[in-house]
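Read-outs: derived from the displayed coordinates by stated rules, not from any lab. In this text, all values refer to a predicted model and were calculated from it rather than measured experimentally. Note that we place each Cβ from the backbone using ideal geometry, even for glycine, and neighbour counts take in every protein chain shown.
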Amino acid sequence: MIGKRIKLAELDSEDFDLLNAAKMALNDSYAPYSKFNVGAACLLDTGEIIKGSNFENSSYPLCLCAERVALGAVHAAHSTKLVVKMAITAKGSGKLIDEPITPCGACRQVLLEYEQKQSEDIQLILQGQSGDVLILNTVKEILPLSFDAEFL
Ligand code: THU
């Protein structure tokens with residue numbers, strides 16, 4: 001199995017707070033087309049928390065994922081700081097999401113580049129609206145055989 005599955009009650013307070021920040025970011029989500037809200041929150045090495053949420057467009061391929069919005073916000077205002085962790089959560093309009101939500105393939109690739117840029121792994125803390133939390137210690141765990149700068 002990839003990563004470590006734990007109960008919400010087993011999270012330490014730092015991770016619990018970060019996941020809550022991701023849940024707060026759901027309120028900023030602009031997803032009128034999919035009605036699928038995604039929230040992300042990055043913990044920086046300074047202790048600051050930077051949030052992001054998905055941001056859709058009537059031209060569907062232009063939709064931005066929460067993870068990349070959050071990383072963009074970090075890059076815009078905190079580019080010298082390290083992203084230590086990112087919490088990600090989601091809420092749909094239909095069924096309750098009780099399984100951890102994992103980043104899409106494009107976000108995995110972007111997160112991987114961020115790990116390489118900062119030479120530090122990014123821990124991922126993933127949860128749906130309820131249920132177990134999945135902890136991944138590095139993006140590399142969910143993007144094997146990845147393309148990276150080594151090939152260029
Ligand atoms: N979405 C994210 O924000 N992150 C992901 O990793 C998967 C998908 C968003 C994009 C779109 O706004 C909605 O979820 C449905 O795909």
Quiz prompt | the range 4-151: relative contact order as a whole-number percent, Cα under 8 Å and 6+ apart | solution = 23
Quiz item: Please state the equivalent ellipsoid semi-axes for the range 1-40: what are the square roots of 5 times the Cα gyration tensor eigenvalues, largest first, in whole Å?
Solution: 25, 14, 7
Quiz item: What FRET efficiency do you get for M24 and C104 if R0 is 25 Å and r is their Cβ-Cβ distance, rounded to the nearest 0.05?
Solution: 0.70
Practice problem: Taking chymotrypsin sites (Phe, Trp or Tyr not before Pro) as candidate sites, keep only those in a DSSP loop with at most 14 other Cβ atoms within 10 Å, then name the longest stretch of the chain containing none of them. | Solution: 34-146
Practice problem: Determine the gain in length on full extension of the stretch E120-N57; use 0.36 nm per residue of separation and subtract their C-alpha separation, reporting nm with one decimal. | Solution: 19.4 nm
Quiz prompt | Potential lengthening between S79 and K95 on full extension [0.36 nm per residue; Cα-Cα distance subtracted] | solution = 2.0 nm
Quiz prompt | Rg and Dmax [Cα atoms of the chain; Å; Rg one decimal, Dmax integer] | solution = 14.7, 44
Quiz item: Based on DSSP H runs of at least 4 residues, each adding -39500 (n - 2.57), what is the mean residue ellipticity at 222 nm of the chain after dividing by all its residues, to the nearest 500 deg cm²/dmol?
Solution: -8000 deg cm²/dmol
